[in-house]
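Below is one structure; the comments refer to it alone.
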Amino acid sequence: MSQNEVHSGTGVGRREGRPDDRDVASGGSAVSGVEIRLEEVSKRYPGQALPAVESVTMTIPAGNTVALVGPSGCGKTTTMKMINRLIEPSSGRITIGGEDAHSLHPDQLRRRIGYAIQQVGLFPHMTVGENVGVVPGLIGWRSGRVADRVDEMLDLVGLDPAEYRDRFPRQLSGGQQQRVGVARALAADPPVLLMDEPFGAVDPITRGNLQDELLRLQAELGKTIVFVTHDFDEAVKLGDRIAVLGPRSTILQYDTPEAILANPADDTVAGFVGAGAKLKQLALLRVRDVELGEVPTARVDEAPEDFRRRLTDGRSQFGLVLDARRRPVRLVSAVELRGVTSLRNAGRPVVDTVSPASTLHDALEAILTDDEGVAVVAKSRGEYAGVVGIDTVMATIRALRAEHEGSADEETPS
Amino acid sequence: MSFWEYVGSRWEQLLVDSYLHTSAVVQTTLVATVIGVLVGVAVYRSPIGSTVATALTSAILTIPSFALLGLLIPVLGLGVRPTVTALVLYALLPIVRNTIVGLSTVDPSVRDAARGIGMSRLGVLTRVELRLAWPAVLAGMRVSTQMLMGIAAIAAYAKGPGLGNLIFSGLQRVGGANAINAAVAGTLGVVLLALLLDAAYVLLGRLTMPRGIR
Amino acid sequence: MSTAFTTESGSLRVERLRLLIQPAAVLVLVVGVLAWVFSLDLDDIEQRSINARTIALLTWEHVQITFVVTAIVVVVAVPLGVVLTRRWAKPAAPAVLAVANIGQAAPSVGLLVLFFLFTKQTGFWTAVLPTAFYALLPVLRNTMVGLGQVDRSLVEAGRGIGMSASSVLRRIELPLAVPYILAGLRTALVLAVGVATLAVLVNGGGLGVLIDTGYKLRRTPVLVVGAVLSVALALLVDWLGAMAEQLLGPRGLR
């Protein structure tokens, strides 16, 4: 696990995330993860006729996100927990960065593997900051360094350290708790991150946001992520590769989302992929793949009248008010600016933004629920990037359809 | 001699007895807490172990204190030793029971997460589970202390220390000038100290309860 | 998590185990201690205490004290608990509970001795009355808690179908509170059987007589027989309380 040392700090310059291609591993410089190999790994429980996991062999490339999907009870969680030895394999070998997981003390091993679970499992008696600082503390960092790291991590997952550091978990919403859970998992900068349905217990909107955040984080950090989910759409959205698992964790298909959608290995996989596989490919396109629109912007302390004039001069229907950190806070039309004294509370608040890593599907949803028919795009840490309008999405859909009609003959129907 | 005159003339003795009474109860509660928590930690993962430990300690509590003291006298003699032994035994059930309940109601996902991020077993126990079980343990200690205050009074029968001596001396000097005064002082003293200790527990709870789970 | 004195473990498993083991333990204790003591070479003083007639008599006295105390407790505490949970009497509840709480914080031996010193009486009732006061609280508190936890909507439903307030109490509230009352009763039984060992201090009889005699005359066999039989009787009485909880609780709630 010596590759561990290569990382750190490389994310800052690449905040915009991966380029168009989904293959970060080949991108190289941002990868801080290491390769995980499972070789004929099995788990048998005494007194049970069939093994829970039967002879799984797979390679998870460094810096990739691999989603393990399958019906509940198929052994995907067991498979994942064998990587950090919360469950000891009965046979087979697991290497992490070339090192045999079995050669390490389980506690030492786990301190180098981030772990985030559906129930979050934050320590209720510790503050948010203490929760995030646990693993750095365990591996013996100085307290000053831990404190810095805690703030850095909270910032990374989009929580203001000053506001949240000293809160207790019960004072947070489900989504915020999950962010803290991810921050805790990443705090000691582990090359590998295991996530067991981490977004399974939050509402759909929050889940979408958290997924976007994870994509953004991963673009910065380049960890090796093993992500367990039963939601195929989530796997498509997050995974560089997807392993569709059957009973006893047997691998039915292990490939890129595009390949699985276009060409399911068998009927079981096809059934799991579900109807509308073609449409789901929409979910493979990201906001960053399309050209963003521009609208006039103003800083929150600008005079409302100046902004109104700019809007009417530019014949723009509306504009965005940004705060000091260039985060969009309010959306206003020229009419709404008449007679107001401050931009701080003009128009209406910007509630929901999408990120460059969001899928077009998410953007479309945001557009449909927005009065002005746009989705505001914010970069990492909330900075304004542009807007996506309905026209842009329609154009993309048309292009996509044309492309698929052209290649339909070559595809294998399921 | 009125009661207040009695108290005025004997206040030094009363203070000594109160101190000895309280100190015996507090110390035995602490010993019982150490034993009780260790027993709880040892058994809480095993349903059978928990059942046996709880059944045994609750059977102990069923034993009349006068009888237990009587049984201890031939073995341990008189005075402090049978007193301390009896008090520790009686204090066990509430603490063992509450430790087991406290530890077994820790959210499994919290335990899973703690193991998953690489805390050692001992670390999970001391830094997570016992912290979360502490309110329950403290509640058990509180019940035990209240019980022991009364039981300790009986220990004076076996020449144990504390306010029980006043009660028994009242009994022995029946008809004497200060018989009632002594018994009243002993009984009221126990009630008063019990209330004070209870208040101390409330304060201790405030001070030691982790803020995040209060 | 328990915050009050009770010998109950709070777990069904444990209760089942005790239901089986406790009578066996009682049998072993009684047979064991009697077999042991009658095999000894007893001197005159010991023989005066340890003979079948005396032991039977003292045990019977002990049982009498225990059950009379319990009967008084039930007769006083349950109606009092009912009254204190009625809407018009609720303001008085905290005061009554506070008195009862202090009563239980008082040492049982102190109450016993004080009652004797003030009344200048000895005997059965001098032992019974202060013990009953001491054992009152668990039943009172559990009656109030038991009635308090009855779902308000059930009471309203009862009134809604035309039941009178008293028949709602009789047919809905009390039956639902029975498990709590029985739990309090079991605690009262255990307290009563324990304090009854102290009855000897006020010449009230019971197995405490053997303990006291053995201690004062330095006759260990007498002391041990008294103590072990008290333990056995306490376990038996607790077991009876547990059986009552099992058998008398409403079936629908079991």
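Data for the structure
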| quantity | calculated |
| --- | --- |
| Simple spin-label estimate for A:Asp266 and C:Gln246 in nanometres, 7 Å along Cα-Cβ | 5.4 |
| For the protein assembly as shown, radius of gyration divided by Kirkwood radius, i.e. Rg to Rh on alpha-carbons | 1.12 |
| Computed helical MRE - 222 nm, chain A, DSSP H runs ≥ 4 contributing -39500 (n - 2.57), nearest 500 | -9500 deg cm²/dmol |
| Kyte-Doolittle mean at least -0.5, axial Cα span of 20 Å or more - DSSP H helices of chain C | C:12-39, C:52-85, C:124-148, C:174-195, C:220-248 |
| About the Cα centre, charge dipole magnitude for segment A:289-396 (Lys/Arg +1, Asp/Glu -1 at Cβ), debye | 500 |
| More than 25 Å apart - percent of Cα-Cα pairs taken over segment A:289-396 | 17 |
| Cβ-based exposure ranking for B:Ser120, B:Ser58, B:Ser9, in which fewest neighbours within 10 Å come first | B:Ser9, B:Ser120, B:Ser58 |
| Estimated FRET transfer efficiency (B:Asp107, C:Arg53; beta-carbon r; R0 56 Å; 0.05) | 0.40 |
| Contact order relative to length of segment A:289-396, as percent, for alpha carbon pairs under 8 angstrom and 6 or more apart | 26 |
| Per-residue ³J(HN,Hα) for segment A:296-308, Karplus 6.51 cos²θ - 1.76 cosθ + 1.60, θ = phi - 60°, Hz, x for Gly and Pro | x, 10, 9, 6, 5, 9, 6, 6, x, 5, 4, 5, 4 |
| Simple label model, 7 Å out from Cα along Cβ direction - A:Arg142 to A:Ser91, nm | 5.1 |
| Residue-averaged beta-carbon neighbours from other chains (10 angstrom radius) around C:232-238 | 3 |
| Debye intensity ratio I(q)/I(0), log10, segment B:3-213, q values 0.08, 0.10, 0.13 Å⁻¹ (C-alpha model) | -0.35, -0.51, -0.77 |
| Among C:102-114, A:75-87, A:91-103, the order from most to least packed when residues are scored by Cβ within 10 Å on average | C:102-114, A:75-87, A:91-103 |
| Inter-label distance, nm, simple model (7 Å from Cα along the C-beta direction), A:Ala162/A:Met394 | 4.5 |
| Residue of A:Pro349, A:Pro136, A:Pro71 that the Gaussian network model of chain A assigns the largest fluctuation, springs spanning Cα pairs under 10 Å | A:Pro349 |
| Fewest-first sequence of C:Glu61, A:Glu40, A:Glu54 by Cβ atoms within 10 Å of each Cβ | A:Glu40, A:Glu54, C:Glu61 |
| Cα centre as origin, Lys/Arg/Asp/Glu Cβ charges: segment C:12-253 dipole, Debye | 800 |
| Chain A - convex hull of alpha carbons, volume per residue in Å³ | 150 |
| Neighbouring partner chain Cβ atoms per residue of B:47-58, average, 10 Å criterion | 5 |
| Chain C, relative contact order in percent, only Cα pairs under 8 angstrom and at least six apart counted | 29 |
| Kirkwood hydrodynamic radius (C-alpha pairs) into Stokes-Einstein, chain C, 20 °C and 1.002 mPa s, D in µm²/s | 108 |
| Contact order normalised by residue count of chain B, Cα under 8 Å, 6+ apart, percent | 27 |
| Other protein chain Cβ atoms within 10 Å, averaged over every residue that makes up B:191-200 | 2 |
| Over segment C:54-158 - Rg/Rh using Cα atoms and the Kirkwood inverse-distance radius | 1.09 |
| Equivalent-ellipsoid semi-axes of segment B:98-172, from the Cα gyration tensor, Å, largest first | 44, 10, 7 |
| Computed E for C:Lys216/B:Val75 - FRET, C-beta separation, R0 22 angstrom, nearest 0.05 | 0.75 |
| Charge dipole of chain B about the Cα centre (unit charges at C-beta), most positive-ward option of B:Leu14, B:Ala42, B:Leu72 | B:Ala42 |
| Magnitude of the charge dipole, the protein assembly as shown, Cβ model with Lys/Arg +1 and Asp/Glu -1, debye to 20 | 3480 |
| Which of B:Leu192, C:Leu210 has the fewest Cβ neighbours within 10 Å, and the rest in rising order | B:Leu192, C:Leu210 |
| Per-pair calculated FRET efficiency, R0 = 45 Å: C:Leu34 and B:Leu192 via Cβ, rounded to 0.05 | 0.55 |
| Gaussian network model of chain A, Cα within-10 Å springs - most flexible of A:Phe227, A:Phe199, A:Phe318 | A:Phe318 |
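None of the figures in this text is laboratory data; all of them are computed from the coordinates on show. Predicted, not measured: the structure shown is a model, and the values here were computed from it. Neighbour counts run over all protein chains shown; Cβ positions are idealised from the backbone, glycine included.
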